Amino acid sequence: MGTTNSDGEALSLLWLVILVLLILWLLGLLTEGFGLGGLFHVFLVIALILLILWLLRII
């Protein structure tokens, strides 16, 4: 199984999504949730789920 260019692009996109979600979560944490209460924690949960799926090689 060789790594094609599209696989590398998909991996880069996945890491970009995880990074953006973590940054949004951190900004929400520092600014006390943009007035959304605890809803911004969803960003952290989604990022962690994507990371776990990547580690298990599901996506």
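At 4 °C and 1.567 mPa s, what whole-number value in µm²/s does Stokes-Einstein give for the translational diffusion of the chain, with Rh from the Kirkwood sum over Cα pairs?
On the way: Rh = 12.5 Å.
Using the Kirkwood radius from Cα pairs, D works out to 104 µm²/s.
Once the Cα atoms of helix 5-30 and of the chain are each reduced to a long axis, what angle between those two axes, in degrees from 0 to 90 to the nearest 10, is obtained?
10
How high is the relative contact order of the chain, in percent, counting Cα pairs under 8 Å that sit 6 or more residues apart?
Details: 27 pairs, mean separation 20.0, N = 59.
Once normalised by length, the contact order is 34 percent.
At 7 Å along Cα-to-Cβ for each site, give me the label-to-label distance between Leu30 and Leu55 in nm.
2.5
Please give the length that would be gained between Val17 and Leu48 if that part of the chain were fully extended, namely 0.36 nm times their separation in residues minus their C-alpha to C-alpha distance (nm, one decimal).
Between Val17 and Leu48, full extension yields 10.0 nm more.
Tell me the angle of helix 41-55 to the major Cα principal axis of the chain, expressed in degrees between 0 and 90 and rounded to the nearest ten.
The angle comes out near 20 degrees.
Every number in this text was worked out from the coordinates using simple rules, so none of it is lab data. Given the structure is predicted, the values throughout are model-derived calculations rather than measurements. Neighbour counts are summed over all protein chains in view; Cβ atoms, including those assigned to glycine, are modelled from backbone coordinates with ideal geometry.
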